[in-house]
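*Asks:* I have a structure I would like to understand better, so I am pasting it below and will then ask my questions one at a time.
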Amino acid sequence: MFLICIQIILTSVYFPQDPAKALYQAFQKTQEALIAIAGNYQLPIVEMSGCTASVVLSHGNKIYMGHVGDSRIMYITKSEMQEKVCTPGFLSQDHKPEIMEERQRIESSGGEVRKLPNDHPYRVYLKGHSNPGLAMSRALGDLLAHTCGVTNEPEVVELDNADGEEGYIVIASDGVWEFTRPEVVGKLLKHHKENAPEYIAQKAYKKWLKRDKNNTDDITVLVLSLIHI
């Protein structure tokens, strides 16, 4: 699916003149391709299965970031990493159903947002039903959830890097961010540049084990160096 998305961006009529629009379009067309592939191979599982998606596009002196779901994108410059508290200059917002704007869209589309007893996150449900129970408000796939307000429309952000300052982008699944603060990720980047993904993943894993020795969420980390922009 990642390769499909990249191909769509590079062949878009909007690229390279308008990378932000090309990135936005890529999410729409990737969803269409996913539905087509599922239909061709008779894969009904796409009705109840899906994924988050986070894409970063570097073009010229600008960085374009698009995402759906809760796999966050973090951007931190070298100067920010030198501070005592390594606070990143940019951190994407998770698409959670309890956020007012997201909740309004879901409810106006016939869905409802609720948290079940002993459950941690708020989830999206068809009104009066127990499905789909999705813990995010935007995603690729998840066709049933799309009938009650979940969308594959990405949030696209454009950042200017005209001075060409060295920086790092971290893309990580929610299993990392659940118990690991962005400032901690920034410090790990500062002290372990070469092996940062491994150190970040290990930190997240240990924090999960402190909470629950038998369960962890998905832990995936990608670090991109922007030293040559």
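*Asks:* Can you list the HN-Hα couplings for the range 26-31, worked out from phi with the Karplus curve (6.51, -1.76, 1.60; θ = phi - 60°), rounded to whole Hz and with x for Gly and Pro?
*Replies:* 3J(HN,Hα) across the range 26-31, in whole Hz: 4, 5, 5, 6, 5, 4.
*Asks:* Given the whole protein assembly as supplied and a 1.4 Å probe, what does the accessible area of residue 70 come to in Å², nearest 10?
*Replies:* Approximately 10 Å² of residue 70 is accessible to the 1.4 Å probe.
*Asks:* Order 211, 123, most accessible first, counting only protein heavy atoms with a 1.4 angstrom probe.
*Replies:* 211, 123
*Asks:* Same structure, new question: Can you give the accessible area of residue 51 in Å² (nearest 10), computed on protein heavy atoms with a 1.4 Å probe?
*Replies:* Accessible surface of residue 51 is approximately 40 Å².
*Asks:* Using Stokes-Einstein with the Kirkwood hydrodynamic radius over Cα pairs, what translational diffusion coefficient do you get for the range 74-133 at 20 °C and a viscosity of 1.002 mPa s, in µm²/s rounded to a whole number?
*Replies:* 153 µm²/s
*Asks:* While we're looking at this one, here's another question. Regarding the chain, what's the average projected area of the Cα-atom convex hull, expressed in nm²?
*Replies:* With the hull built on Cα positions only, its mean projection is 14.2 nm².
*Asks:* DSSP loop trypsin sites (Lys or Arg not before Pro) in the range 33-109 with at most 14 other Cβ atoms within 10 Å of their Cβ, which ones?
*Replies:* Counting only loop positions with at most 14 other Cβ atoms within 10 Å, the trypsin sites (Lys or Arg not before Pro) in the range 33-109 are 84.
*Asks:* Heavy atoms only, probe 1.4 angstrom, no DNA, RNA or ligands counted: give me 174, 218 ranked by accessible area, highest first.
*Replies:* The ranking, largest first, comes out as 218, 174.
*Asks:* Please identify every one of the chymotrypsin sites (Phe, Trp or Tyr not before Pro) in the range 7-110 that sits in a loop by DSSP and has no more than 15 other beta carbons within 10 Å of its own beta carbon.
*Replies:* 14, 41
*Asks:* Shifting gears a bit: Take the cross-link list 78/213; 84/193; 187/213 and give me the ones stretching past 24 Å between alpha-carbons.
*Replies:* 78/213; 187/213
*Asks:* Also, quick follow-up: Quick one: accessible area per residue over the chain, 1.4 Å probe, rounded to a whole number of Å²?
*Replies:* Counting only protein heavy atoms, the per-residue value for the chain is 54 Å².
*Asks:* I would also like to ask the following. How much net charge surrounds residue 187 when only other residues with a Cβ under 12 Å from its Cβ are counted (Lys, Arg +1; Asp, Glu -1)?
*Replies:* Within the 12 Å Cβ shell, the charges total +2.
*Asks:* Give me the accessible area of residue 191, 1.4 Å probe, in Å² rounded to the nearest 10.
*Replies:* The value for residue 191 is about 130 Å².
*Asks:* If you roll a 1.4 angstrom probe over the protein chains with everything in place, what fraction of the accessible area of the range 1-90 belongs to carbon and sulfur, to the nearest %?
*Replies:* 59 percent
*Asks:* Find the centroid of the Cα atoms in the range 73-143 and in the range 150-219, then give the distance between the two in whole Å.
*Replies:* About 16 Å separates the Cα centre of the range 73-143 from the one of the range 150-219.
The values are calculated or read from the model by the stated rules, or taken from the named source; none is laboratory data. Since we're looking at a predicted model, the values are computed, not measured. All Cβ positions, glycine included, derive from the backbone under ideal geometry; neighbour counts span all protein chains shown. Calculation scope for accessible area: heavy atoms of the full protein, side chains included, ligands and nucleic acids excluded. Shrake-Rupley method; radii C 1.70, N 1.55, O 1.52, S 1.80 Å.
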